[in-house]
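Worksheet for the structure shown next.
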Amino acid sequence: MKPDSSFPALLHPSPNHGERKGRTPDAIILHYTGLPTGEAALRQLCDPIAQVSSHYLVFEDGQLLQLVPEARRAWHAGRSYWAGERDMNDVSIGIEIANPGHRGGSPEYPSAQIATVIALCQDIIARWRIAPQRVLAHSDISPDRKIDPGEYFPWEKLAKSGVGHYVAPCPLEDGPRLERGAQGIPVESLQSMLAIYGYGLNITGLYGTKTETIVGAFQRHFRPERVDGIADQSTIETLRKVIAARPKS
(Lines give C-alpha, C1' and ligand atoms only; values in the text may rest on other atoms or scores of the structure.)
Protein backbone atom coordinates (compact mmCIF):
# COMPACT_ATOMS: atom_id res chain seq x y z
CA MET A 1 0.00 0.00 0.00
CA LYS A 2 1.30 3.43 -1.00
CA PRO A 3 -0.02 6.83 0.12
CA ASP A 4 -2.43 8.47 -2.32
CA SER A 5 -2.42 11.99 -0.96
CA SER A 6 0.45 14.47 -1.08
CA PHE A 7 -0.69 15.61 2.36
CA PRO A 8 1.43 13.71 4.93
CA ALA A 9 -0.33 10.58 6.15
CA LEU A 10 0.78 7.51 8.05
CA LEU A 11 -0.24 4.19 6.54
CA HIS A 12 -2.28 1.90 8.76
CA PRO A 13 -3.90 -0.69 6.46
CA SER A 14 -7.37 -1.99 7.24
CA PRO A 15 -8.43 -5.39 5.88
CA ASN A 16 -11.95 -4.09 5.26
CA HIS A 17 -12.25 -3.12 1.59
CA GLY A 18 -13.20 -4.48 -1.83
CA GLU A 19 -13.37 -3.78 -5.54
CA ARG A 20 -14.99 -0.60 -6.86
CA LYS A 21 -16.60 -2.63 -9.68
CA GLY A 22 -15.06 -0.45 -12.37
CA ARG A 23 -16.21 2.82 -10.78
CA THR A 24 -14.03 5.81 -9.96
CA PRO A 25 -14.48 8.15 -6.99
CA ASP A 26 -16.57 11.25 -7.66
CA ALA A 27 -17.62 12.13 -4.11
CA ILE A 28 -16.21 12.67 -0.63
CA ILE A 29 -18.23 11.59 2.41
CA LEU A 30 -17.43 13.14 5.78
CA HIS A 31 -18.22 11.26 8.98
CA TYR A 32 -17.61 11.55 12.67
CA THR A 33 -16.47 8.38 14.39
CA GLY A 34 -19.00 8.59 17.23
CA LEU A 35 -16.58 6.86 19.63
CA PRO A 36 -14.88 8.21 22.76
CA THR A 37 -11.37 8.29 21.27
CA GLY A 38 -9.62 8.19 17.92
CA GLU A 39 -7.78 5.05 19.05
CA ALA A 40 -11.08 3.28 19.63
CA ALA A 41 -12.23 4.32 16.17
CA LEU A 42 -9.01 3.04 14.62
CA ARG A 43 -9.48 -0.33 16.25
CA GLN A 44 -13.03 -0.60 14.92
CA LEU A 45 -12.10 0.53 11.40
CA CYS A 46 -9.42 -2.16 11.24
CA ASP A 47 -11.40 -4.95 12.88
CA PRO A 48 -12.36 -7.61 10.30
CA ILE A 49 -15.31 -8.64 12.47
CA ALA A 50 -16.75 -5.11 12.46
CA GLN A 51 -16.63 -4.98 8.63
CA VAL A 52 -16.39 -1.19 8.53
CA SER A 53 -13.61 1.04 7.27
CA SER A 54 -12.83 4.37 5.68
CA HIS A 55 -10.07 5.59 3.43
CA TYR A 56 -8.82 8.09 6.00
CA LEU A 57 -9.02 8.79 9.73
CA VAL A 58 -8.24 12.28 11.08
CA PHE A 59 -7.36 12.51 14.77
CA GLU A 60 -8.18 15.44 17.04
CA ASP A 61 -4.61 16.77 16.83
CA GLY A 62 -4.66 16.72 13.03
CA GLN A 63 -2.73 13.49 12.58
CA LEU A 64 -3.84 11.69 9.42
CA LEU A 65 -3.93 7.95 8.79
CA GLN A 66 -4.71 6.27 5.48
CA LEU A 67 -6.44 2.94 6.01
CA VAL A 68 -7.62 1.94 2.53
CA PRO A 69 -6.24 2.84 -0.93
CA GLU A 70 -8.46 5.34 -2.73
CA ALA A 71 -8.74 2.96 -5.69
CA ARG A 72 -10.41 0.42 -3.41
CA ARG A 73 -13.96 0.42 -2.04
CA ALA A 74 -13.96 1.19 1.68
CA TRP A 75 -16.99 0.26 3.78
CA HIS A 76 -18.03 3.57 5.31
CA ALA A 77 -21.33 4.67 3.75
CA GLY A 78 -23.54 1.63 4.28
CA ARG A 79 -27.05 1.80 2.84
CA SER A 80 -27.03 5.12 1.01
CA TYR A 81 -28.34 7.21 -1.88
CA TRP A 82 -27.39 10.42 -3.63
CA ALA A 83 -28.47 11.85 -6.99
CA GLY A 84 -29.37 8.49 -8.51
CA GLU A 85 -26.48 6.52 -7.02
CA ARG A 86 -27.71 3.76 -4.71
CA ASP A 87 -24.35 2.57 -3.37
CA MET A 88 -22.15 5.48 -2.40
CA ASN A 89 -19.34 3.19 -1.27
CA ASP A 90 -18.72 2.46 -4.95
CA VAL A 91 -18.11 6.09 -5.91
CA SER A 92 -16.86 7.88 -2.81
CA ILE A 93 -13.83 8.44 -0.62
CA GLY A 94 -14.69 8.22 3.06
CA ILE A 95 -13.06 10.39 5.71
CA GLU A 96 -13.70 9.56 9.35
CA ILE A 97 -13.11 12.45 11.77
CA ALA A 98 -12.38 11.47 15.36
CA ASN A 99 -15.20 13.00 17.41
CA PRO A 100 -17.53 11.36 19.95
CA GLY A 101 -20.51 13.00 18.26
CA HIS A 102 -23.96 13.61 19.66
CA ARG A 103 -23.77 10.80 22.21
CA GLY A 104 -20.50 12.30 23.46
CA GLY A 105 -21.87 15.79 23.96
CA SER A 106 -21.17 17.21 20.48
CA PRO A 107 -17.75 18.73 21.24
CA GLU A 108 -16.23 21.22 18.81
CA TYR A 109 -13.92 19.94 16.13
CA PRO A 110 -10.41 21.19 16.99
CA SER A 111 -8.88 23.68 14.57
CA ALA A 112 -5.87 21.43 13.86
CA GLN A 113 -8.21 18.59 12.93
CA ILE A 114 -10.30 20.75 10.59
CA ALA A 115 -7.12 22.12 8.97
CA THR A 116 -6.12 18.55 8.10
CA VAL A 117 -9.61 17.72 6.81
CA ILE A 118 -9.51 20.80 4.56
CA ALA A 119 -6.03 20.08 3.20
CA LEU A 120 -6.86 16.42 2.56
CA CYS A 121 -10.12 17.28 0.81
CA GLN A 122 -8.38 19.93 -1.33
CA ASP A 123 -5.89 17.30 -2.45
CA ILE A 124 -8.55 14.66 -3.19
CA ILE A 125 -10.74 17.18 -5.05
CA ALA A 126 -7.84 18.26 -7.25
CA ARG A 127 -6.80 14.71 -8.12
CA TRP A 128 -10.27 13.27 -8.72
CA ARG A 129 -11.96 16.48 -9.96
CA ILE A 130 -14.77 16.21 -7.43
CA ALA A 131 -17.55 18.79 -7.78
CA PRO A 132 -18.30 20.98 -4.73
CA GLN A 133 -21.82 19.58 -4.34
CA ARG A 134 -20.34 16.08 -4.13
CA VAL A 135 -18.62 16.78 -0.80
CA LEU A 136 -21.33 15.39 1.45
CA ALA A 137 -22.25 14.50 5.01
CA HIS A 138 -22.98 10.93 5.98
CA SER A 139 -26.38 12.28 7.05
CA ASP A 140 -27.02 13.55 3.51
CA ILE A 141 -26.68 10.13 1.92
CA SER A 142 -28.19 8.06 4.78
CA PRO A 143 -30.62 10.46 6.47
CA ASP A 144 -32.81 7.76 7.99
CA ARG A 145 -29.83 6.18 9.77
CA LYS A 146 -27.13 8.78 10.34
CA ILE A 147 -26.75 12.29 11.74
CA ASP A 148 -22.99 12.77 11.35
CA PRO A 149 -20.82 14.80 11.11
CA GLY A 150 -23.53 16.88 12.80
CA GLU A 151 -25.01 20.35 12.75
CA TYR A 152 -21.95 21.72 14.55
CA PHE A 153 -19.56 20.70 11.76
CA PRO A 154 -17.94 23.83 10.21
CA TRP A 155 -19.16 23.54 6.61
CA GLU A 156 -18.80 27.29 6.08
CA LYS A 157 -15.11 27.17 6.99
CA LEU A 158 -14.54 24.32 4.55
CA ALA A 159 -16.35 26.18 1.77
CA LYS A 160 -14.22 29.28 2.30
CA SER A 161 -11.23 27.02 1.57
CA GLY A 162 -12.79 25.66 -1.62
CA VAL A 163 -14.19 22.46 -0.10
CA GLY A 164 -17.88 21.74 -0.58
CA HIS A 165 -20.95 23.72 -1.56
CA TYR A 166 -22.36 26.23 0.91
CA VAL A 167 -24.59 29.29 1.08
CA ALA A 168 -25.32 31.49 4.07
CA PRO A 169 -28.55 30.21 5.65
CA CYS A 170 -31.57 32.47 5.64
CA PRO A 171 -32.48 33.80 9.11
CA LEU A 172 -35.17 32.23 11.24
CA GLU A 173 -38.48 34.07 11.10
CA ASP A 174 -42.12 33.51 11.89
CA GLY A 175 -44.35 32.49 9.00
CA PRO A 176 -45.96 29.58 7.15
CA ARG A 177 -44.31 26.21 7.48
CA LEU A 178 -44.70 22.66 6.30
CA GLU A 179 -44.59 19.76 8.72
CA ARG A 180 -45.70 16.19 9.14
CA GLY A 181 -49.25 15.67 7.86
CA ALA A 182 -49.18 18.56 5.37
CA GLN A 183 -50.05 17.71 1.77
CA GLY A 184 -50.55 19.27 -1.61
CA ILE A 185 -48.61 21.32 -4.13
CA PRO A 186 -46.36 23.14 -1.58
CA VAL A 187 -45.17 19.76 -0.28
CA GLU A 188 -44.59 18.50 -3.83
CA SER A 189 -42.51 21.61 -4.54
CA LEU A 190 -40.41 21.04 -1.42
CA GLN A 191 -39.89 17.37 -2.21
CA SER A 192 -38.95 18.20 -5.80
CA MET A 193 -36.28 20.68 -4.70
CA LEU A 194 -34.78 18.21 -2.24
CA ALA A 195 -34.72 15.50 -4.92
CA ILE A 196 -33.22 17.88 -7.48
CA TYR A 197 -30.34 18.58 -5.14
CA GLY A 198 -29.71 14.86 -4.64
CA TYR A 199 -31.64 13.59 -1.63
CA GLY A 200 -33.47 10.30 -2.03
CA LEU A 201 -37.09 11.34 -1.85
CA ASN A 202 -40.16 10.45 -3.90
CA ILE A 203 -42.58 13.20 -4.93
CA THR A 204 -45.77 12.20 -3.13
CA GLY A 205 -47.26 15.50 -2.00
CA LEU A 206 -47.51 14.10 1.54
CA TYR A 207 -45.22 15.37 4.30
CA GLY A 208 -44.51 12.09 6.01
CA THR A 209 -41.69 10.68 8.12
CA LYS A 210 -39.31 10.37 5.15
CA THR A 211 -39.75 14.01 4.15
CA GLU A 212 -39.32 15.13 7.75
CA THR A 213 -36.11 13.11 8.08
CA ILE A 214 -34.61 14.50 4.89
CA VAL A 215 -35.55 18.07 5.79
CA GLY A 216 -33.69 17.46 9.05
CA ALA A 217 -30.64 16.23 7.14
CA PHE A 218 -30.72 19.31 4.94
CA GLN A 219 -30.94 21.52 8.01
CA ARG A 220 -27.94 19.81 9.62
CA HIS A 221 -25.83 20.66 6.60
CA PHE A 222 -27.19 24.02 5.43
CA ARG A 223 -29.40 25.56 8.17
CA PRO A 224 -28.02 24.20 11.45
CA GLU A 225 -29.44 26.85 13.77
CA ARG A 226 -32.60 24.76 14.19
CA VAL A 227 -32.77 21.10 13.23
CA ASP A 228 -36.35 19.93 13.67
CA GLY A 229 -37.46 18.46 10.33
CA ILE A 230 -39.99 21.27 9.86
CA ALA A 231 -39.76 23.18 6.59
CA ASP A 232 -40.13 26.75 7.82
CA GLN A 233 -39.50 29.74 5.57
CA SER A 234 -35.83 29.85 6.51
CA THR A 235 -35.35 26.22 5.48
CA ILE A 236 -37.26 26.59 2.20
CA GLU A 237 -35.50 29.82 1.20
CA THR A 238 -32.12 28.36 2.09
CA LEU A 239 -32.91 25.32 -0.06
CA ARG A 240 -33.80 27.62 -2.97
CA LYS A 241 -30.50 29.47 -2.50
CA VAL A 242 -28.53 26.20 -2.38
CA ILE A 243 -30.05 25.02 -5.66
CA ALA A 244 -29.64 28.38 -7.37
CA ALA A 245 -25.99 28.57 -6.32
CA ARG A 246 -25.20 25.00 -7.28
CA PRO A 247 -21.99 24.95 -9.35
CA LYS A 248 -22.41 23.99 -12.98
CA SER A 249 -21.25 20.46 -13.68
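Summary of computed values
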quantity	calculated
Solution diffusion estimate, µm²/s, Stokes-Einstein, the chain, Kirkwood Rh from C-alpha pairs, 10 °C, viscosity 1.306 mPa s	86
Distance between region 193-249 and region 102-157 - C-alpha centres, whole angstrom	18
Charge context of His55, other residues only, Cβ under 10 angstrom, K/R +1, D/E -1	-1
Largest to smallest principal axis extent of the C-alpha atoms in region 105-249, angstrom	45, 37, 27
Residue range of the chain that is longest and free of GluC sites (Glu not before Pro) which are both DSSP loop and sparsely packed (at most 13 other C-beta within 10 Å)	20-107
Global geometry of region 2-64, whether rounded, prolate or oblate, following the gyration tensor of its Cα atoms and the 1.5 cut on a/c	oblate
Mean projected area (nm²) of the alpha-carbon convex hull when region 40-94 is viewed from all directions	4.3
Ratio of the Cα radius of gyration of region 151-235 to 2.2 N^0.38 Å, where N counts its residues	1.10
Cα-Cα over 32 Å, subset of Lys21/Lys248; Lys210/Lys248; Lys157/Lys248; Lys2/Lys210; Lys2/Lys241; Lys21/Lys146	Lys2/Lys210; Lys2/Lys241
Accessible surface, per residue, of the chain when the full set of protein chains is kept, probe 1.4 Å, Å²	45
5 Å-binned pair-distance histogram of region 80-169 (Cα, whole percent)	3, 12, 23, 26, 22, 12, 2, 0
Solvent-accessible area, 1.4 Å probe, carbon plus sulfur percent, for the chain	52
Interchain or long-range residues, amide H under 5 Å from Leu178's placed H	Ala231, Asp232
Order of exposure, largest accessible area first, which applies to Phe59, Phe7 with probe 1.4 Å	Phe7, Phe59
Heavy atoms of Lys210 accessible to a 1.4 Å probe, total area in Å² rounded to 10	100
Thr24 accessible area, assembled protein chains, probe 1.4 Å, Å²	90
Gained length - Arg103 relative to Ala131, 0.36 nm times residue gap less alpha-carbon distance	6.9 nm
Percent antiparallel among DSSP beta bridges (both partners in region 20-160, rounded to 5)	25
Percentage, to the nearest whole number, of Cα pairs in region 118-191 over 13 Å apart	76
Solvent-accessible ranking of Met88, Met1, largest area first, probe 1.4 Å	Met1, Met88
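The values are calculated or read from the model by the stated rules, or taken from the named source; none is laboratory data. Keep in mind that what you see is a predicted model, and the values were worked out from it rather than measured. Methodologically, a virtual Cβ is constructed for each residue, glycine included, from the backbone with ideal geometry; neighbour enumeration extends over all protein chains shown. When the accessible area is computed, the model is the full protein with side chains, heavy atoms only, and any ligands, DNA or RNA have been set aside. Shrake-Rupley method; radii C 1.70, N 1.55, O 1.52, S 1.80 Å.
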